[in-house]
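The values are calculated or read from the model by the stated rules, or taken from the named source; none is laboratory data. Here the structure is a predicted model, which means the values were calculated and not measured. FYI the Cβ positions are ideal-geometry reconstructions off the backbone, even for glycines, and counts take in every protein chain you see. What goes into the accessible areas is simple: the full protein's heavy atoms, side chains included, and nothing from ligands, DNA or RNA. Shrake-Rupley method; radii C 1.70, N 1.55, O 1.52, S 1.80 Å.
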Amino acid sequence: MTKQIGSLYVVATPIGNLADISQRAISTLTQVSCIAAEDTRHSGKLLQHLGISNRLLALHDHNEKQRAASIIEKCLAGENVALISDAGTPLISDPGYSLVRLCREAGVPVVPIPGPCALITALCAAGLPTDKFQFIGFLAAKSSQRQTQLAAVPDNAGTIICYDTARRILDTLQDVVAVFGAERQLVLAKELTKTFEHFAFGTAADITLWLTEDPQRCQGEMVLMIAPAPAKADEAIGEAVQRTLKILLAELPLKQAAALTAQIHDEKKNALYQLALSWQH
Ligand code: SAM
């Protein structure tokens, strides 16, 4: 008879509101033989709240590779092990990548137990484009490096999302202006799922003003989202062409107005169609 091997369960935990824990997360954390956690004291409190008295193993950036070896040994011997981080989804700006990679290499099944994640929680309520986005994690500690990181994001990346800290956010906002200009629209999502959850909207100057109006606002956890650059259609298409398009739009459906304008001015039909569409939003 072949011996059954155990699995590593990657379990998401709440990012503030404890009611966000899933039924599946609770049953997994109850049933595994031990739980690898970033900070055992911090996670101990969550488990106590859930009434779970399971063994905790410390797994953090400094001991992850050694710890991984003993976790893989347990799984190969038939035990199931869970991985959690202090909050949210493990591996997302948190430890766990090496462990998951090594489990995969060793043939240990890795089972995700999905749940809260600050970047997705922020994005789904920000009102910014969600069809394409780029998560860039925590920005560097030095301003020049932060600017390099921001400038490296391609123009067509969609919404840019980064994690930031209360200590650094005002400096980060200045870096955003240096790289993307003062007009770029931003959303700062603070204290998600907690009592003082707040979304601040506007330019870097608007958000800086909001943050500095009350010192309490500059505290807590935050996700910064940077809207994609607005379409440059207006700049590329001449004024005369735009005037024709507007006149025709007043009389004709959008598609026909764009096609006729393109014919009159020898312009690209699709560019005019996109421009006319952008006027409607
Ligand atoms: N693994 C976590 C996740 O799934 O989102 C992220 C861990 S990372 C070490 C912590 C950062 O996530 C914070 O500095 C903040 O940028 C963001 N974050 C976590 N919880 C948050 C919350 N409740 N509200 C806003 N941002 C949060």
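Annotations
- Highest mean packing comes first when the peptides 180-188, 194-202 are listed by Cβ atoms within 10 Å, giving 180-188, 194-202.
- For the stretch 8-146: accessible area per residue (Å², 1.4 Å): 50 Å²
- Value of relative contact order over the chain, rounded to a whole percent, pairs C-alpha under 8 Å and six or more apart: 16 percent
- Sparse-neighbour loop sites [trypsin sites (Lys or Arg not before Pro); the stretch 1-73; at most 15 other C-beta within 10 Å; DSSP]: Lys3, Arg55
- Rg to Rh quotient for the stretch 212-259, alpha carbon positions, Kirkwood Rh: 1.41
- With every protein chain in place, the stretch 63-102: carbon and sulfur % of accessible area (1.4 Å): 51 percent
- Helix-only mean residue ellipticity at 222 nm for the chain, each DSSP H run of n ≥ 4 adding -39500 (n - 2.57), per residue, nearest 500: -13000 deg cm²/dmol
- The stretch 87-166-the stretch 63-84 distance, computed between alpha-carbon centres (Å): 24 Å
- Surface share of carbon and sulfur [accessible, 1.4 angstrom probe, percent] for the stretch 119-226: 53 percent
- Based on C-alpha pairs under 8 angstrom that are at least 6 apart in sequence, the stretch 233-279 has a relative contact order of 38 percent.
- Size-normalised alpha-carbon gyration radius of the stretch 8-116, reference 2.2 N^0.38 Å: 0.95
- Peptides 98-108, 6-16 ordered by average Cβ neighbours within 10 Å, highest first: 6-16, 98-108
- Separation between Cα centres of the stretch 240-281 and the stretch 20-38, rounded to whole Å: 57 Å
- Charged side chains reduced to their Cβ positions (Lys and Arg at +1, Asp and Glu at -1) give the stretch 8-116 a dipole of some 180 debye around its Cα centre.
- Within straight-line cross-link reach of Lys269, aspartates and glutamates at Cα separation under 15 Å, skipping those fewer than 8 residues along the same chain: Asp234
- Relative contact order computed over the stretch 1-119 (Cα-Cα under 8 Å; 6+ residues apart), in percent: 45 percent
- Rounded to the nearest 20 debye, dipole of the stretch 233-279 from Cβ charges on Lys, Arg, Asp, Glu: 180 debye
- Out-of-range pairs (alpha-carbon distance over 30 Å; input Lys132/Lys268; Lys74/Lys194; Lys65/Lys132; Lys132/Lys194; Lys45/Lys190): Lys74/Lys194; Lys65/Lys132
- The stretch 46-98: proportion of alpha-carbon pairs further apart than 16 angstrom, %: 48 percent
- log10 of Debye I(q)/I(0), alpha-carbon scatterers only, for the chain at 0.11 Å⁻¹: -0.78
- Amide proton proximity set for Leu57, modelled H, under 5 Å, gap of 5+: Ile35, Ala36, Ala37
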